[in-house]
Amino acid sequence: MESFKQELYENGYFRQEELVFRDCDREQRVRVSALLSKMASFAGYDYDARGLTHEVLWAHREVFLLSRASIKIHDCPRAQDVLDITTWEAGPKAAHMGRNYEMKDRRGRLRASARTDWILVDPETRKILRPSAFTAKPLMTSDRPLDCPETRKIVLPKEGREALGTRTVRWSDLDGNGHLFSGNYGDVVWDALPEDLQPLVPKEFHINYSREAVLGDTLTLEGFRSEAGYFMEGLGPRGSCFTALCVF
C-alpha cells in the first residue's frame, strides 16, 4: 500500500493511504474489515511516532486493547481512492480510553468516520487498569466534533436467533499478540451474514470485543434480524467472543 504523506500533531496523527484491491470487496468497495484494520493500525502509528512502540509499552506493562468500535460510512470508499486518515485521542470514559478517526478523500469529503474505546491492560497478568494508571505519556482529550454514533453495548435477544454456522480461528487470523486480529472480525461477520445482506454497504457498523479468540478456537455464530439492523454474536469456548450490529 503506497503512502503519500504523514504528519504528527499534538493530539493526533495524519496519513494519506491508497485503497487497493485487497481492501475491497468484489464491487471494489472498501470492506468493513479493512476499515477496522486501518483503525487498529493508525492507533499504532500514532504511538509509534511518539516513540511508544509495542515493545516499549510491553516493557511498561501497559498496553491498550480494542474494546468497542462504531463506524459510520458516509460515502463508501472504493479501490484506488486516496484517503486522508486522521486519528486523535478522545479522552477517558470510565474504564475506557476513546480514540476517534476521520477518513476523507483528497477533495476533503468525509467518506467514513469512527469512534473506538480501548481498555488498558497489564499484558502479563491480563489485569484491566484504569486509564489514569497509564504512565507512558499524558492521555489527551478533545472536543473536536465527529459525525459518528457513539460506541454502544450490543446485546442480542436470547430468543429468535438463527444459526449461522461456525468459524475456526486459523493461523492467518492471528496478530502479533497471538489472537484473532480485530480487523479480521469484519470478514468473520460478513462471511456469516445472510446472502441478501452480504452485497449491501452498511450505513453503520458496531462491534464489541468481549474475549480473545486464539488459534484453534471454534466460534459458534448466531444472528438476529430486526428493524434496527442485523445483530450477530460469536460464542467461543470461554463464552461470548464478540457481538456486532450491521445497520443497512
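Of all the options Gly183, Gly223, Gly165, the one that moves most in a Gaussian network model of the chain with Cα springs shorter than 10 angstrom is Gly165.
When N is the residue count of the chain, what does its C-alpha Rg come to as a fraction of 2.2 N^0.38 Å? Working shown, then result.
Details: Rg = 17.6 Å, N = 248, 2.2 N^0.38 = 17.9 Å.
This ratio for the chain stands at 0.98.
As a footprinting exposure proxy, order Arg22, Arg115, Arg78, Arg144 by other Cβ within 10 Å, with the fewest listed first. Working shown, then result.
Numbers: Arg22 9, Arg115 22, Arg78 16, Arg144 12.
Ascending Cβ contact count within 10 Å gives the list Arg22, Arg144, Arg78, Arg115.
When the listed pairs Lys104/Lys153; Lys72/Lys127; Lys5/Lys93 are checked against a 29 Å cut-off, the alpha-carbon distance exceeds it for Lys72/Lys127; Lys5/Lys93. Each residue of segment 58-74 was assigned a 3J(HN,Hα) from its phi angle through the Karplus expression (A = 6.51, B = -1.76, C = 1.60, θ = phi - 60°), giving 4, 5, 6, 6, 9, 10, 9, 10, 5, 10, 9, 8, 10, 10, 10, 9, 7 Hz with x at Gly and Pro. Which translational diffusion coefficient, to the nearest whole µm²/s, is obtained for segment 1-85 from the Stokes-Einstein equation, given a Kirkwood hydrodynamic radius over C-alpha pairs, 25 °C and 0.890 mPa s? D, rounded to a whole number, is 172 µm²/s. Using the Karplus relation 6.51 cos²θ - 1.76 cosθ + 1.60 with θ = phi - 60°, the per-residue 3J(HN,Hα) values for segment 185-190 come to 4, x, 6, 4, 5, 5 Hz, with x marking Gly and Pro. Centroid-to-centroid, using Cα positions, segment 121-193 and segment 82-105 are 15 Å apart. Helix-only arithmetic for the chain: the sum of -39500 (n - 2.57) across DSSP H runs with n ≥ 4, divided by the residue total, places the mean residue ellipticity at 222 nm at -4000 deg cm²/dmol.
Once fully extended, how much extra length lies between Val214 and Asp196, figured as 0.36 nm per residue of separation less the alpha-carbon to alpha-carbon distance? Before the final figure, lay out each step's value.
On the way: separation 18, 0.36 × 18 = 6.48 nm, distance 3.01 nm.
Full extension from Val214 to Asp196 adds 3.5 nm.
Place a +1 charge on the Cβ of each Lys and Arg in the chain and a -1 charge on the Cβ of each Asp and Glu, then give the dipole magnitude about the Cα centre in debye, rounded to the nearest 20.
Approximately 420 debye in magnitude.
In order along segment 208-225, the phi-based Karplus estimate (6.51 cos²θ - 1.76 cosθ + 1.60, θ = phi - 60°) of 3J(HN,Hα) comes to 10, 9, 9, 9, 5, 10, 10, 3, x, 5, 10, 9, 8, 9, 10, x, 8, 9 Hz; Gly and Pro are listed as x.
Read-outs throughout are calculated quantities, based only on the coordinates presented, and are distinct from any laboratory measurement. Here the structure is a predicted model, which is why all the values come from computation and not from measurement. Ideal geometry is used to build each Cβ from the backbone, glycine not excepted, and the neighbour counts take in all protein chains shown.
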